[in-house]
Amino acid sequence: MTGCKIMELFDTHFHFSGEESFEEFITRCQADLRTAGAGFAPCPDRLLMLCAGADHQESLRAQEFAARYPDVYFACGIHPHAATEYLECPQDFSGFKNDRKLLAVGEIGLDYFYDFSDPASQKKVLEEFLELALQWQKPAMLHLRDKDDTFQAYQDALEMLTGFAGAGGRFVIHCYAGNRDYAEKFLALGGYFGVTGMYTFKAASNIREVISQIPDDRLLIETDAPYLTPVPYRGKSNTPGMVALVARALGCDRQMTPETAAELFTGNGKRFYQIGE
């Protein structure tokens, strides 16, 4: 008698706000997975999750979450929005280093769309945490965003990542929304690209066009929950269970069945983050 194959999905980037208990959040994730995965055969029954830290406190919360559940992992870092605050009052991240559930340094990066931190501070913090990723031999999880029709954040990040990759660093650009030119440059450095529910938005044709040019094996699926809830559930708070809709939409555009898409993109995430190796 042969066993049934487990259908897995891997949300490679989400945030936990702490406004509800871990148990309540997991319950919502499971309910959303049943809803979003209803068209899969069979319905996905295992959900791997990577909880990203945007500052020291959120990284500690992500670490605690990962310690509670076998299929939850975490990343630690300083989001560019928090760069100025971090430089004014640095925190010690060394306590995260040897945690077996730590998969990445992040969420780190550059955000020139908002003015929460000045570019010089953002670049200084990004440089520090890219060095940490090299020292710890962990991939970097990057957030990049620019003002409309400008690409300075991408250019600045490219220059920093060139040295990082040359030193053996690995990275993923979470929720990629840059153009094709920069995608090709990041690909040449060995970069990976995260695809969120934004991919399903009607107005996101530019993102779909760019993502269509990226090879299958360089794509990771993610939710960025509680943000960017995919169609048709926009307006509802997002959870990692909704990653099934991202996998389905991305796979459909690549002429894949939902099951093939789930296996491919989950496999990419597990290899990139070295889960099960």
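The values are calculated or read from the model by the stated rules, or taken from the named source; none is laboratory data. Fair warning: this is a prediction, and the values are worked out from it, not measured in the lab. Methodologically, a virtual Cβ is constructed for each residue, glycine included, from the backbone with ideal geometry; neighbour enumeration extends over all protein chains shown. Areas reflect the complete protein model, heavy atoms only, side chains present, ligands, DNA and RNA absent. Shrake-Rupley method; radii C 1.70, N 1.55, O 1.52, S 1.80 Å.
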Hey, which lysines would be in cross-link range of LYS97, C-alpha to C-alpha under 26 Å, not counting anything within fewer than 8 residues on its own chain? LYS123, LYS124, LYS138, LYS270
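For the pair GLN137 and GLU23, what calculated FRET efficiency results from E = 1/(1 + (r/R0)^6), where r is the Cβ-Cβ distance and R0 = 45 Å, to the nearest 0.05?
Values: r = 33 Å, r/R0 = 0.74.
Approximately 0.85, to the nearest 0.05.
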Given R₀ = 35 Å, what would the calculated FRET efficiency be for THR150 paired with ASP253, taking r from the Cβ atoms and rounding to 0.05? 0.80
With only Lys, Arg, Asp and Glu charged, each at its Cβ (+1 for the first two, -1 for the last two), find how big the charge dipole of the stretch 66-185 is about the Cα centre; round to the nearest 20 debye. 640 debye
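Could you provide, to the nearest whole Å², the per residue accessible area of the stretch 87-225 with probe 1.4 Å?
Values: 6260 Å² over 139 residues.
I get 45 Å² per residue for the stretch 87-225.
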How far apart, in nm, are the 7 Å Cα→Cβ label points at PHE201 and ASP181? 2.3 nm
If you compute volume of the Cα convex hull per residue in Å³ for the structure shown, which of (1) 133; (2) 141; (3) 116 do you land on? (1)
Cross-link reach list, aspartates and glutamates versus LYS185, counting only Cα pairs under 13 Å and skipping chain neighbours closer than eight places: ASP156, GLU159
Dipole in debye (nearest 20) - the stretch 1-88, about Cα centre, beta carbon charges: Lys, Arg +1; Asp, Glu -1: 480 debye
Provide the net charge surrounding PHE96, with neighbours chosen by a C-beta distance below 13 Å and charges set as Lys +1, Arg +1, Asp -1, Glu -1. 0
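Can you tell me how much longer the chain between GLU64 and SER212 gets when fully stretched, taken as 0.36 nm per residue apart minus their C-alpha distance, in nm with one decimal?
Gain in length upon complete extension: 49.6 nm.
Please state the relative contact order of the stretch 182-277 as a whole percent: Cα pairs under 8 Å, 6+ residues apart?
Values: 122 pairs, mean separation 25.3, N = 96.
Dividing the mean separation by the residue count of the stretch 182-277 yields 26 percent.
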Based on the Cβ-Cβ distance of VAL231 and THR162, what FRET efficiency does E = 1/(1 + (r/R0)^6) give at R0 = 35 Å, to the nearest 0.05? 0.45
Could you size up the charge dipole of the chain around its Cα centre, putting +1 on the beta carbon of Lys and Arg and -1 on that of Asp and Glu, and report it in debye to the nearest 20? 860 debye
Counting only protein heavy atoms with a 1.4 Å probe and every protein chain in place, the carbon and sulfur fraction of the accessible surface of the chain in whole percent equals 50 percent
